[in-house]
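I have placed the structure first, in the form of structure tokens, so that the comments after it can refer back to it.
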Amino acid sequence: MLNNSTSRGESDKLVNRIDPIYLEISHEIIRLAEMKFKKFDHNILLPLSDHIAFAIKRLKKGLIISNPYADEIRLLNPEEYEIALQSKDIIFEKTGIMMNEDELGYITLHIHSAINDCEVNQGMQVALIVKESVEKVEKTFNTKIDVTSLAYSRLLTHIKYMLMRIKTKERLTLDMDEFVKTNYPLAYQVSEEILKDISNLYHQTIPRIEVGYLGLHIQRIIM
């Protein structure tokens, strides 16, 4: 059973507005996702259909909406992206329109929201935090980080789960704070700045133990 309303309007109005072809596309995407994930919220059907319909309309007009966080979304949510990649073929088969990487990023977020019982914009916020954090590291150390490196992947994963810990108030047991502060002061400083920004964004105090742990990942990526 679908919710009575979504962020873009009442469900009954959306159903009447959306071409059935996009409901069929979303249904197939959901079927693929259900085969891969045990938990999946069917309320994604209308928002996803509405998004795909709007994206197709833009693409037919030659209007490309960029997604500045497409790389981060893909790397943060590899399993969800795998489903989005399969949806590319489904959409092309039924509409003749080929989705680009930017649009696949948005579809990935819809799938992520259905698995994790969260809003799409929460997934986008995580990608934003990751991108801004990496840019801060690059600027401080005057370097360009290799996004294909294992260290980069580990940093992204660490930030992703760090944000989850902050949300659930889970605490780390491994305290690297003094070690990192003493041995890698610049990485520690950058970590402090990143966590201050996150604290302000979430309006939440972040345990000091997170500073050293993030600083260690920062040091690894610039070595």
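The values are calculated or read from the model by the stated rules, or taken from the named source; none is laboratory data. Note that the structure is predicted; figures quoted are calculated from it, not measured. Cβ atoms come from the backbone with ideal geometry, glycine included; neighbour counts cover every protein chain shown. For the accessible areas, the whole protein counts, side chains as well, though only heavy atoms, and no ligand, DNA or RNA atoms are used. Shrake-Rupley method; radii C 1.70, N 1.55, O 1.52, S 1.80 Å.
Rounded, prolate or oblate: which one fits the range 4-133, using the alpha carbon gyration tensor with axes a ≥ b ≥ c (rounded when a/c is under 1.5, else prolate when a/b beats b/c, else oblate)?
Rounded, because the longest to shortest axis ratio a/c is under 1.5.
Which value, in debye to the nearest 20, describes the size of the charge dipole of the chain about its Cα centre when Lys and Arg Cβ atoms bear +1, Asp and Glu Cβ atoms bear -1, and nothing else is charged? Don't skip to the end; give the middle numbers.
On the way: 28 positive and 32 negative charges, 34 e Å.
Here the size comes out at about 160 debye.
Mind ranking 84-90, 71-77 by how tightly packed they are, going by the mean number of other C-beta atoms within 10 angstrom, highest first? List each step's numbers first, then the result.
On the way: 84-90: 18.6, 71-77: 21.6.
Ranking the peptides 84-90, 71-77 by packing returns 71-77, 84-90.
Calculated FRET efficiency, residue 142 and residue 82, Cβ-Cβ r, R0 30 Å, to nearest 0.05?
Working from the Cβ atoms, E equals 0.25.
Here is the link list: 39/136; 38/60; 57/88; 144/181; 38/167; 39/61. Which ones come out longer than 25 Å on Cα distance?
The pairs that break the limit, which is 25 Å between Cα atoms, are 39/136; 38/60; 39/61.
Would you indicate which of [x] -0.53, -0.62; [y] -0.46, -0.56; [z] -0.39, -0.48 is the value of log10 I(q)/I(0) by the Debye sum over Cα atoms at q = 0.10, 0.11 Å⁻¹ derived from the coordinates of this structure?
[x]
Once you have the Cα-Cα distance between residue 42 and residue 102, take 0.36 nm times their residue separation minus that, and quote the gain in nm to one decimal.
Stretched out fully, the residue 42 to residue 102 stretch lengthens by 19.2 nm.
Please give the per residue accessible area of the chain, computed with a probe of 1.4 Å over protein heavy atoms only, in Å².
Numbers: 12480 Å² over 223 residues.
For the chain, the per-residue accessible area is 56 Å².
Summarise the accessible area of the chain (1.4 Å probe, protein heavy atoms) by the percent that is carbon and sulfur.
51 percent
Mind giving me the FRET efficiency for residue 154 and residue 32? R0 is 30 Å, r the Cβ-Cβ distance, nearest 0.05 is fine. Show your work: numbers first, answer last.
On the way: r = 28 Å, r/R0 = 0.95.
Once rounded, the FRET efficiency stands at 0.60.
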